[in-house]
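S.K.: This is the structure I want to talk about, given as structure tokens.
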Amino acid sequence: MTKNRDDNKDSAPPPAAHILVVDDHIEIRDLVSRALLKDGFRVSTAADGNAMRQALVNNEIDLIVLDLMMPGDDGLTLCREVRSRSDIPIIMLTARSDEIDKVVGLELGADDYLGKPFGSRELVARIRAVLRRKTPGGQQEPAPQPRIYAFERWKLDVDARELIGDDGVSVALSTGEYDLLMAFAEHPRRVLNRDQLLDLARGRQANLFDRSIDTQVSRLRRKLELNQADPRIIKTVWGGGYLFAADVTRL
């Protein structure tokens with residue numbers, strides 16, 4: 001007896017997220033498509049606004065990777081158009097260094113931006129981060145948030161928003177220091193640049209080009225490190241950002 005293909009429907013894994021890549025350069029479309037397909041995503045591509053609109057009609061798209069500078073309708077125009085009728089997440093790609101374009105894109109409803117040239121790993125990481133934030137209700141509940149992060153001789157108590165040393169003494173943290181330390185503790189042994197730290201610690205409500213991260217790192221080092229001249233917990237990666245080098249245990 002032949003088994004109906006729908007018998008195991010409930011146990012089938014959910015379909016991979018479908019990403020629409022909109023860029024007028026075929027090299028960029030091909031490069032991004034290969035990277036996303038390799039990482040398990042489904043991918044459609046479009047070279048301009050008309051092709052993008054058609055792809056949105058014909059497919060259920062989970063996220064749009066949208067180039068800022070294109071002939072005809074540019075990325076800002078298309079971002080505004082999509083956002084006027086949909087909450088599909090949008091990550092904007094830009095080769096321009098003008099900060100105002102990035103700010104305008106975010107104000108028009110883009111969820112993130114990435115400057116060209118970019119690494120495929122960073123693009124995939126940003127896509128996954130945006131998709132996690134946009135996960136609709138009804139899906140599997142996220143894992144419980146750890147209540148304590150333990151590292152080196154410290155414990156970070158999430159409920160009390162307290163940093164406690166191995167001697168039991170609590171160390172006061174400002175809101176900025178706490179948010180930054182949480183970002184580090186949640187992403188140990190990973191190089192994070194300033195913009196990534198701003199995203200993780202404060203979200204896009206922060207000034208997009210704030211450089212107070214360096215100041216907050218210096219203050220954290222004064223509280224965490226035994227020797228600030230030779231930091232062992234928060235390391236500087238020249239040209240890259242910062243690395244939280246401690247092993248973190250989630251309790």
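S.K.: Which one of the conditions (1) modelled with pLDDT under 85; (2) assigned to a loop (DSSP other than H, G, I, E, B); (3) open to solvent by less than 50 Å² (accessible area, probe 1.4 Å) does Pro231 fail to meet, given that it meets all the rest?
M.R.: Just one mismatch for Pro231, condition (1).
S.K.: Which condition breaks for Leu31 when tested against (1) open to solvent by 90 Å² or more (accessible area, probe 1.4 Å); (2) closer than 16 Å to Val124 by Cβ?
M.R.: Here Leu31 clears every test but (1).
S.K.: In region 28-72, what count of residues is obtained for those that are over 20 Å from Asp111 (Cβ atoms) and not in a helix (DSSP H, G or I)?
M.R.: Adding up the residues that qualify gives 5.
S.K.: Exactly one of (1) buried (at least 18 other Cβ atoms within 10 Å of the Cβ); (2) at pLDDT 85 or above; (3) within 18 Å of Leu20 (Cα to Cα) is unmet by Tyr113. Its number?
M.R.: (2)
S.K.: Only one of (1) assigned to a loop (DSSP other than H, G, I, E, B); (2) out of contact with any helix residue (DSSP H, G or I) (no Cβ under 6 Å at 6 or more places or on another chain); (3) at pLDDT below 85 is not met by Asp167, so which one is it?
M.R.: (3)
S.K.: Are any residues in region 90-102 modelled with pLDDT of 65 or more and not in a loop (DSSP other than H, G, I, E, B), and if so, which ones?
M.R.: Of everything in region 90-102, those that are modelled with pLDDT of 65 or more and not in a loop (DSSP other than H, G, I, E, B) turn out to be Ile90, Ile91, Met92, Leu93, Thr94.
S.K.: Select from region 151-170 the residues that are in contact (Cβ under 8 Å) with a residue 12 or more places away in the chain, touching a Lys or Arg at 6+ places or on another chain (Cβ under 8 Å) and farther than 21 Å from Asn227 by Cβ and list them in ascending order.
M.R.: Matches in region 151-170: Val158, Asp159.
S.K.: Consider region 46-78. How many of its residues are modelled with pLDDT of 90 or more and open to solvent by less than 30 Å² (accessible area, probe 1.4 Å)?
M.R.: 11
S.K.: What is the one condition in (1) open to solvent by 40 Å² or more (accessible area, probe 1.4 Å); (2) more than 23 Å from the chain's Cα centre (by Cα); (3) modelled with pLDDT of 85 or more that Asp157 does not satisfy?
M.R.: It fails just one condition, (1).
S.K.: A further question follows. Of all residues in region 33-74, which are without any contact (Cβ under 8 Å) to a residue 40 or more places away in the chain and small (Gly, Ala, Ser)?
M.R.: Ser33, Gly40, Ser44, Ala46, Ala47, Gly49, Ala51, Ala55, Gly72
S.K.: Sticking with this structure for a sec: Only one of Leu192, Leu208, Leu251, Leu226 is at pLDDT 90 or above and not aromatic (Phe, Trp, Tyr); which?
M.R.: Leu226 is the lone residue from the list that is at pLDDT 90 or above and not aromatic (Phe, Trp, Tyr).
The values are calculated or read from the model by the stated rules, or taken from the named source; none is laboratory data. Model, not experiment: these values are computed from the prediction. Cβ: placed from backbone, ideal geometry, glycine included. Neighbour counts: every protein chain shown. What goes into the accessible areas is simple: the full protein's heavy atoms, side chains included, and nothing from ligands, DNA or RNA. Shrake-Rupley method; radii C 1.70, N 1.55, O 1.52, S 1.80 Å.
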